[in-house]
Each structure stands twice: as C-alpha cells, then as structure tokens.
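Only one structure is covered here, and it is reproduced in the block below.
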Amino acid sequence: MRYRILLGITSALVLAAGGVAISMGLPASGKQPATTTSSAHALAGIHKIKHVIVIMQENRSFDSYFGTFPGAHGIPKGVCVPDPLHGGCVKPFVDHQDKNAGGPHQNPNSIADVDGGKMDGFVGQAELKCKGKLPCGTDVMGHHTASDIPNYWAYAENYALDDHYYETDDSWSLPAHLMMVSAWSANCPTADPMSCKGTPQPANRTGKRPRPFAWTDLTWLLHMDHVSWGYYLDGGAQSPSNPGGVPSIWNPLPGFTDVRADGQEGNVQNLGAFISQARSGNLPAISWMVPNPADSEHPPALVSRGQAYVTRIINAVMKSPDWKSSAIFLAWDDWGGFYDDVVPPVKDDLGYGIRNPAMVISPYAKRGFIDNTPLSSDSYLRFIEDDFLASSRINPVTDGRPDSRPGVRENVANSILGDFNFNQKPRPPLVLIPCPHTTLTPAPAAGCRGNVALHFDTWGDT
C-alpha cells in the first residue's frame, strides 16, 4: 500500500466541510484464519460503522477515469493498442466527450481484451460492431481527466482510492450484480440450490421464470441475524409502463428464491425511500444503490449525469445524522470495454475481471490514501459480514442453506479495512455541487439532467 496526501485539485468544489490481512480461510469449515495485530486492531474498530452504502455504477475501467490520478497505478508510457480495422495502433488519449461509445463487455470480450496478459484486445473488440465508423472502436482508448469528473477526483483526493479493485467476475453486468449480493454467479436448472452451477454467463430472470437464482445471497444471513437492509432502485424497476427504470440485469435480488422465502421482497425499494431515511437518520445497516440507465454512466449515458446522481446520493448521506457512522463504497460494475493496463489476477473460474474505479468514503476513511490491495465486491461482503454478522460467511456448510458453490469467496477476498483509520477523529462531510463546471463536451445541461437513451442491444446487454 501507498499513502499519499493529494489535495488542491478540486477544493473549489467544496460547499461545506464540517495492515490489510490477506485471508485464505478454508471454505469447508467457514473458520477464519489468524489475523495480524494490525488487522485485529482494525476489526476492533469496525463496529463504529453502523451503515454501509454500496453505490454501484456502470461500465468504466480504472484507467478511463483515474489513469492520470497522481500516485495511482495509471496508464503507463508507450502504450499503443493494435487497431485491426484501420491498421497501426491507438494510443491512450484524453477524451472530454460527455457521451462515450465503449465496447463489448461479456466474458468472451474480457478474455480477448486481456489477451493472455497483453491487455491489447480493446480496440479490436470494440470494432466488432463498428462497421468502420469512428469514434466507435477507438474511443475505448480515451480517458477522462480531473476537469471532466472533478467530484470523483475530489472524493479520491479526500478519502480512499482503491487502484486495484477488480470486477468480481470476468464478464458483464448481470453476473457482476449477482456477485455483489451473493459472491457467486450461476445457472440453476431447478429451484434446488444444489442444482446450481457457476458460470460467468448466467440466465436472467424472465416472466416465465421470475426466480431463477436458487443459491444463497447475503440477505439470507442478514435476515437471520435481524440486520436491516435495503436495495434501492433509481426510479423504480423497469417495466413496460416504466421504461426508464432500473433493468432487471441490475436488479437481481427479486430473482433470488431466499428473498421471497424470507418475505423480504419489500426491501427492494425506490431510491426516494433511501433519501427519506437519510434525512431522518434512519438508514438501514446495509444499502445497495443501483441506477436507472440515464444515471448509470453505461455508454452512451452521459458521464455528467452519472456523476451528478452519485454526488446527490453521497450528499444525502453526508447531510444525514447517520453520516458519522457510515461507510460508502463507490464502484463501477464492469470495465465497459474501456482500456485498462493491469492484468487481472486469477481468483477462480469466474474471475477476477478487468480493473474498475472504486473508492471508500467515510468519516473514518484515510485521507488521500491509495490502496494497492487487490479488492472486489467480495471485499465489500466480507466487510459487511465482519461488521454485522460476527464474520459469518455465505458458506453452504455453516449458513443453514446448502448450495453447490465451490468455495467461500469472502474467505479468500482481501480485506478493505486498510482504507480506514478507526482511531482518527471522524472526518467532516464533503458536500459537493452535483453539477460542477467541467471540461466535458458538449457542456452539460443545467443540473446535469441531460438524457441519452441507452440501447442495450448495442453490446448484447439484454
């Protein structure tokens, strides 16, 4: 890990300022490995966090947002990725466009982009459906700057930036969101959890089969231990009468059989409920936040609108009486086809995938800290389990609901505790303007409310 004090780039935006353990536990037993003195000390302070808020945005690589962030592992010199369609190669370049094209991002595309560790497949993959039209294909080599996304850089400067956070699986949005709540992605031919088989290309829920996810998710353990949770949909669930709502690929919890069995389907709520709970100081212990397409940053959705949406959520937490005991985990679900230079580590047959931006924002987050520890959404689950469940895991041997998962991913996930200092005086909030002045082009509409329709079939995201 490295520690950097990184101040000054975006201070004008502020409106008001008021030893990581690598655990290799045995999945069959569910027992936790011995901890170091430093990690044990951090675990002792973890209970100062009473509210965990996971904000999951869409389809950006680490290099596409933080490739030039001071002190982070960013874009190396001399990179030039082959361009099969036009010949030659394409170097990384600054891209101030508010709307990006991105590239395909399912499991075969991830494998091709990584190309055995060469990290040189991005342009070729993006050109698969381009038919020679620019910027499609080449824009995956573009990256944004501090002046494009000043709020995101302000959070990174003032809290903790995770520069080795990876998509938990090497595939697309649906498995990433399944992993976010359950540490697994699978297909289940029947409602029997033992029938499930892991895959990076799971089948989505449908009208004919509304609950295809038979394995156990975290809410099973939360419910058993009376830990409150909410899964918040930006604009409600997508439907024929609500086409702008959250699509089912980002909203998998209603498809889990255990959520229905527990009678917890009502915990999947509209984002407005979260805002009301924040204002009143009644946030649940665990909150997951998922955007609608226009707010998601999923190309071609606008970068400016996604940043404004995220800022408004973070501001709501920071203005809440619950801020003093909260931890916000902000991440992006997959790389969206955009270039990244770091070879993902191999965790198991599902991942890891290509690197994504991620941050920890909390009164107890270290200031200006860059964490090089390999992390994923499994690390978020591990933190929640350590904080609220006495380190119980989603473990078919111990959780009372056997399924066929091959291991306990939280036991082999690295801890994110290194991003916190529970001995420091709680940090004041950093309330930012949701729609700051930027160098994005064209200039964002007032309030960053501009809309670009998403066409998921562009890259097969249906």
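The values are calculated or read from the model by the stated rules, or taken from the named source; none is laboratory data. This structure is a prediction, so every number in the text was calculated from the model and none was measured. Cβ sites come from the backbone with ideal geometry, for glycine too, and all protein chains shown count toward neighbours.
Can you confirm whether residue 427 is at pLDDT below 95 and in contact with a helix residue (DSSP H, G or I) (Cβ under 9 Å, 6 or more places away or on another chain)? Judged against the criteria, residue 427 is a match. Across the range 111-125, the qualifying residues are those that are in a helix (DSSP H, G or I) and of a type in the set (Gly, Ala, Ser), and the one among them that is surrounded by the fewest Cβ atoms within 10 Å (Cβ to Cβ) is 117.
Do we find that residue 215 is touching a His at 6+ places or on another chain (Cβ under 9 Å) and at pLDDT 95 or above in this structure? Before you say what the answer is, go through the steps one by one.
On the way: touching a His at 6+ places or on another chain (Cβ under 9 Å): no; at pLDDT 95 or above: yes.
In short, no.
Among the candidates 378, 399, 386, 403, which residue alone is touching a Pro at 6+ places or on another chain (Cβ under 7 Å) and acidic (Asp, Glu)? Walk me through how you get there before you give the answer.
Details: 378 fails: touching a Pro at 6+ places or on another chain (Cβ under 7 Å); 399 fails: touching a Pro at 6+ places or on another chain (Cβ under 7 Å); 386 fails: touching a Pro at 6+ places or on another chain (Cβ under 7 Å).
Answer to the selection: 403.
If you check residue 431 against the conditions, is it under 21 Å from the mean Cα position of the chain (by Cα), β-branched (Val, Ile, Thr) and closer than 22 Å to residue 150 by Cβ? Against the criterion (under 21 Å from the mean Cα position of the chain (by Cα), β-branched (Val, Ile, Thr) and closer than 22 Å to residue 150 by Cβ), residue 431 does not qualify.
One line per residue, one yes/no per condition, for (1) assigned to a loop (DSSP other than H, G, I, E, B); (2) modelled with pLDDT under 95; (3) touching a Pro at 6+ places or on another chain (Cβ under 8 Å):
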| site | (1), (2), (3) |
| --- | --- |
| 18 | yes, yes, yes |
| 31 | yes, yes, no |
| 35 | yes, yes, no |
| 41 | no, yes, no |
| 55 | no, no, no |
| 65 | no, no, yes |
| 72 | yes, no, no |
| 75 | yes, no, yes |
| 87 | yes, yes, no |
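Condition first: within 30 Å of residue 325 (Cβ to Cβ) and crowded, with 22+ Cβ neighbours inside 10 Å. Can you find one or more residues in the range 193-215 that meet it? Checked the range 193-215: no residue is within 30 Å of residue 325 (Cβ to Cβ) and crowded, with 22+ Cβ neighbours inside 10 Å. Residues in the range 342-372 that are in a loop (DSSP other than H, G, I, E, B), more than 18 Å from the chain's Cα centre (by Cα) and of a type outside the set (D, E, K, R): 343, 346, 363, 364, 368. In the range 220-243 there is at least one residue matching the filter, namely being in contact with a Leu (Cβ under 9 Å, 6 or more places away or on another chain), surrounded by fewer than 23 Cβ atoms within 10 Å (Cβ to Cβ) and polar (S, T, N, Q). The residue pairs whose first member lies in the range 200-219 and is under 10 Å from residue 252 (Cα atoms), whose second member is buried (at least 24 other Cβ atoms within 10 Å of the Cβ) and not aromatic (Phe, Trp, Tyr), and whose beta carbons are closer than 6 Å, counting only pairs six or more residues apart or on different chains, are 204/174.
On the phi < 0 side of the Ramachandran plot and crowded, with 19+ Cβ neighbours inside 10 Å: which single residue out of 372, 395 fits that description? Steps first, please.
Values: 372 fails: crowded, with 19+ Cβ neighbours inside 10 Å.
Residue meeting the stated conditions: 395.
Let's see how each residue does on (1) assigned to a helix (DSSP H, G or I); (2) over 29 Å from residue 415 (Cβ atoms); (3) among the charged types (D, E, K, R):
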{"position": "157", "(1), (2), (3)": "yes, no, yes"}
{"position": "169", "(1), (2), (3)": "no, no, yes"}
{"position": "179", "(1), (2), (3)": "yes, no, no"}
{"position": "210", "(1), (2), (3)": "no, yes, no"}
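Go through the range 181-204 residue by residue and tally those that are over 21 Å from the mean Cα position of the chain (by Cα) and assigned to a helix (DSSP H, G or I). The number of residues fulfilling the criteria is 3.
Mind listing whichever residues of the range 300-349 are among the hydrophobic types (A, V, I, L, M, F, W, C), farther than 14 Å from residue 361 by Cα and out of contact with any Pro (no Cβ under 9 Å at 6 or more places or on another chain)?
So the first thing to find is which residues in the range 300-349 are among the hydrophobic types (A, V, I, L, M, F, W, C), and the list is 301-303, 308, 310, 313-314, 316-318, 323, 327-332, 335, 338, 342-343, 346.
From what's left, farther than 14 Å from residue 361 by Cα: 301-303, 308, 332, 335, 338, 342-343, 346.
335, 342, 343, 346 - these are the residues of the range 300-349 that are among the hydrophobic types (A, V, I, L, M, F, W, C), farther than 14 Å from residue 361 by Cα and out of contact with any Pro (no Cβ under 9 Å at 6 or more places or on another chain).
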